[in-house]
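Take this structure first; my questions come after.
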């Protein structure tokens with residue numbers, strides 16, 4: 001049996017209830033119920049860490065496939081720059097793009113071009129930024145969701161510049177449909193993604209009414225077909241146009257690298273690059289608590305080493321990072337992007353989110369009524385204090401605090417804790433013994 005949670009699917013026939021995924025999830029979004037893993041969707045940030053931590057490969061994502069291309073008259077694929085790092089040997093980006101097109105797409109446009117535009121737009125935004133610091137990169141949808149859930153007061157400090165892939169799709173959708181003489185609905189734009197968070201950013205976008213992208217395809221899902229197509233490429237057309245500035249966004253530090261050289265960042269403040277959910281939480285906690293000060297910009301990535309470490313990639317993340325760095329050195333910094341045009345569009349509001357992001361603090365989720373939520377928080381804290389604090393996971397939750405949350409929401413019983421269950425059995429046994437010693441007053445005393 002397969003159970004779906006949005007784009008995430010758990011194959012319960014494969015799941016052994018081993019708690020690996022539950023204990024490794026940094027946002028406490030997984031529970032074990034009746035011996036099977038379950039997703040708590042309002043805690044999940046879709047980082048995909050559980051995909052890799054499941055030894056049975058029971059957790060997967062639901063994406064579009066090449067068969068979906070037939071639903072459109074003309075199809076375009078926007079590959080993440082991560083794809084350049086996934087194939088063994090010295091694979092030229094242009095050859096990879098030609099192989100992608102050979103899979104059935106009518107054209108290929110690089111996400112890296114959108115990254116170059118986003119770099120310029122961010123530089124312009126920083127020039128006039130008057131808000132609170134630090135400003136936080138909007139590149140990683142998993143980090144955005146983490147902030148919405150766990151650090152909601154930082155939501156307004158997220159850079160409001162759109163995702164590179166959305167920028168590319170927006171650039172080409174209207175113009176290409178007009179050029180071809182077809183409606184925009186007949187034009188299918190697909191995004192080749194390295195992680196489930198970017199799938200959710202498209203399928204359940206919060207920053208606009210509707211994404212400019214029609215579907216997402218996992219790099220891992222088409223890896224075999226792409227390898228086969230590469231062997232068949234004979235003649236190449238010039239599809240690869242991005243410079244090192246855009247390609248570098250595939251690895252950690254790629255975004256901030258384009259902000260530092262020309263003093264787009266202030267010299268009197270610090271900037272941070274952090275990768276991995278655990279490390280991102282630590283940095284945000286320290287900023288929240290005042291331990292880290294004077295920070296101007298944070299580039300935070302949920303995946304280790306950046307997008308090359310995404311859960312829907314194939315190659316080793318460290319090898320992939322090295323391949324991207326080589327490409328950055330060989331491709332130079334000369335860009336096909338017209339800076340003046342990007343600045344003009346920026347001033348017109350072209351690159352901004354259409355809708356603002358909203359906080360989704362989990363504390364409020366204890367109850368839809370804020371007052372009741374506060375009361376439940378008090379009860380939750382009392383329950384938490386009464387628990388052993390071992391965070392053993394035997395109850396099916398990752399730690400005692402999360403277990404207390406579940407109890408006050410009616411999703412768990414206090415006796416699901418093995419220690420509380422033993423206490424209950426002990427108390428019941430003592431009560432039974434006390435009753436065994438009692439006799440009705442009408443009966444004679446023992447020994448008479």
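The values are calculated or read from the model by the stated rules, or taken from the named source; none is laboratory data. Given the structure is predicted, the values throughout are model-derived calculations rather than measurements. When we count neighbours, we look across all protein chains shown, and the Cβ atoms used for this are built from the backbone with ideal geometry, even at glycine.
Would you check if residue 76 is outside any helix (DSSP H, G or I), in contact (Cβ under 8 Å) with a residue 40 or more places away in the chain and in contact with a helix residue (DSSP H, G or I) (Cβ under 6 Å, 6 or more places away or on another chain)?
When the stated conditions are applied, residue 76 does not pass them.
Taking helices (runs of 4 or more DSSP H) that fall entirely within segment 363-448, which contain at least 1 residues that are touching a helix residue (DSSP H, G or I) at 6+ places or on another chain (Cβ under 7 Å) and touching a residue at least 40 places away in the same chain (Cβ under 8 Å)?
400-408
If you don't mind, another one. Based on this model, can you work out whether residue 91 counts as crowded, with 17+ Cβ neighbours inside 10 Å, more than 29 Å from residue 240 (Cα to Cα) and touching a residue at least 12 places away in the same chain (Cβ under 8 Å)?
Here the answer is no, as residue 91 does not meet what is asked.
Could you grab the pairs with beta carbons closer than 6 Å, sequence gap of 6+ or different chains, first residue in segment 124-136 and assigned by TED's automatic domain parsing to the domain that holds residue 158 and at pLDDT 90 or above, second one in a loop (DSSP other than H, G, I, E, B) and buried (at least 17 other Cβ atoms within 10 Å of the Cβ)?
126/264; 135/159
Condition first: part of a helix (DSSP H, G or I) and farther than 15 Å from residue 193 by Cβ. Now tell me which residues in segment 79-105 satisfy that.
Across segment 79-105, the qualifying residues are 93, 94, 95, 96, 97, 98, 99, 101, 102.
Next question. When you look at residue 254, is it in a loop (DSSP other than H, G, I, E, B), surrounded by 24 or more Cβ atoms within 10 Å (Cβ to Cβ), touching a helix residue (DSSP H, G or I) at 6+ places or on another chain (Cβ under 8 Å) and modelled with pLDDT of 90 or more, yes or no?
So residue 254 fits the description; yes.
Conditions: (1) under 17 Å from residue 313 (Cβ atoms); (2) modelled with pLDDT of 95 or more; (3) more than 18 Å from the chain's Cα centre (by Cα). Residue 79 meets all but one. Number of the miss?
So residue 79 meets the others, but not (3).
Also: Among the numbered criteria (1) under 21 Å from residue 218 (Cβ atoms); (2) in contact with a strand residue (DSSP E or B) (Cβ under 8 Å, 6 or more places away or on another chain); (3) assigned to a loop (DSSP other than H, G, I, E, B), which single criterion is violated by residue 47?
All conditions pass for residue 47, except number (2).
Now for a separate question. Filter segment 336-361 for residues that are closer than 27 Å to residue 41 by Cα and either crowded, with 17+ Cβ neighbours inside 10 Å or without any contact (Cβ under 8 Å) to a residue 12 or more places away in the chain (or both) and give the result.
353, 357, 360, listed by residue number.
In this structure, is residue 112 within 17 Å of residue 357 (Cβ to Cβ), in contact with a helix residue (DSSP H, G or I) (Cβ under 7 Å, 6 or more places away or on another chain) and part of a helix (DSSP H, G or I)?
Details: within 17 Å of residue 357 (Cβ to Cβ): no; in contact with a helix residue (DSSP H, G or I) (Cβ under 7 Å, 6 or more places away or on another chain): yes; part of a helix (DSSP H, G or I): yes.
For residue 112, the condition - within 17 Å of residue 357 (Cβ to Cβ), in contact with a helix residue (DSSP H, G or I) (Cβ under 7 Å, 6 or more places away or on another chain) and part of a helix (DSSP H, G or I) - is not met.
Related question: Go through (1) modelled with pLDDT of 90 or more; (2) farther than 30 Å from residue 84 by Cβ; (3) out of contact with any helix residue (DSSP H, G or I) (no Cβ under 7 Å at 6 or more places or on another chain); (4) assigned to a helix (DSSP H, G or I) and name the single condition residue 356 misses.
Here residue 356 clears every test but (4).
With the condition kept exactly as written, say whether any residue in segment 111-120 is surrounded by 22 or more Cβ atoms within 10 Å (Cβ to Cβ), in contact with a strand residue (DSSP E or B) (Cβ under 7 Å, 6 or more places away or on another chain), closer than 24 Å to residue 189 by Cβ and assigned by TED's automatic domain parsing to the domain that holds residue 177. Write out each step before concluding.
Initial filter on segment 111-120 (surrounded by 22 or more Cβ atoms within 10 Å (Cβ to Cβ)): 111-120.
If we keep only those that are in contact with a strand residue (DSSP E or B) (Cβ under 7 Å, 6 or more places away or on another chain) as well, we get 111, 118.
Remaining after also requiring closer than 24 Å to residue 189 by Cβ: 111, 118.
After this cut, where a residue has to be assigned by TED's automatic domain parsing to the domain that holds residue 177 as well, the list is 111, 118.
For segment 111-120, residues surrounded by 22 or more Cβ atoms within 10 Å (Cβ to Cβ), in contact with a strand residue (DSSP E or B) (Cβ under 7 Å, 6 or more places away or on another chain), closer than 24 Å to residue 189 by Cβ and assigned by TED's automatic domain parsing to the domain that holds residue 177: present.
Of the residues 236, 225, 260, which is more than 19 Å from residue 113 (Cβ to Cβ), in contact with a helix residue (DSSP H, G or I) (Cβ under 8 Å, 6 or more places away or on another chain) and outside any strand (DSSP E or B)?
225
In addition: Report yes if some residue within segment 33-44 is without any contact (Cβ under 8 Å) to a residue 24 or more places away in the chain, more than 29 Å from residue 233 (Cα to Cα), crowded, with 19+ Cβ neighbours inside 10 Å and outside the structural domain of residue 391 (by TED's automatic domain parsing); otherwise report no. Steps first, answer last, please.
Initial filter on segment 33-44 (without any contact (Cβ under 8 Å) to a residue 24 or more places away in the chain): 34-35, 40.
Checking the rest, the ones that are also more than 29 Å from residue 233 (Cα to Cα) come to 34-35, 40.
Applying the additional criterion that residues be crowded, with 19+ Cβ neighbours inside 10 Å yields 40.
Add one more test, that the residue is outside the structural domain of residue 391 (by TED's automatic domain parsing), and what stays is 40.
The answer is yes, given that some residue of segment 33-44 is without any contact (Cβ under 8 Å) to a residue 24 or more places away in the chain, more than 29 Å from residue 233 (Cα to Cα), crowded, with 19+ Cβ neighbours inside 10 Å and outside the structural domain of residue 391 (by TED's automatic domain parsing).
I'd like the residue in segment 281-325 that is touching a helix residue (DSSP H, G or I) at 6+ places or on another chain (Cβ under 6 Å) and over 29 Å from residue 88 (Cβ atoms) and, out of all such residues, is surrounded by the most Cβ atoms within 10 Å (Cβ to Cβ).
Looking at residues that are touching a helix residue (DSSP H, G or I) at 6+ places or on another chain (Cβ under 6 Å) and over 29 Å from residue 88 (Cβ atoms), I get 300.
Where residues in segment 166-204 are without any contact (Cβ under 8 Å) to a residue 24 or more places away in the chain and part of a loop (DSSP other than H, G, I, E, B), which of them is nearest to the chain's Cα centre (by Cα)?
Among those residues, the one meeting the criterion is 183.
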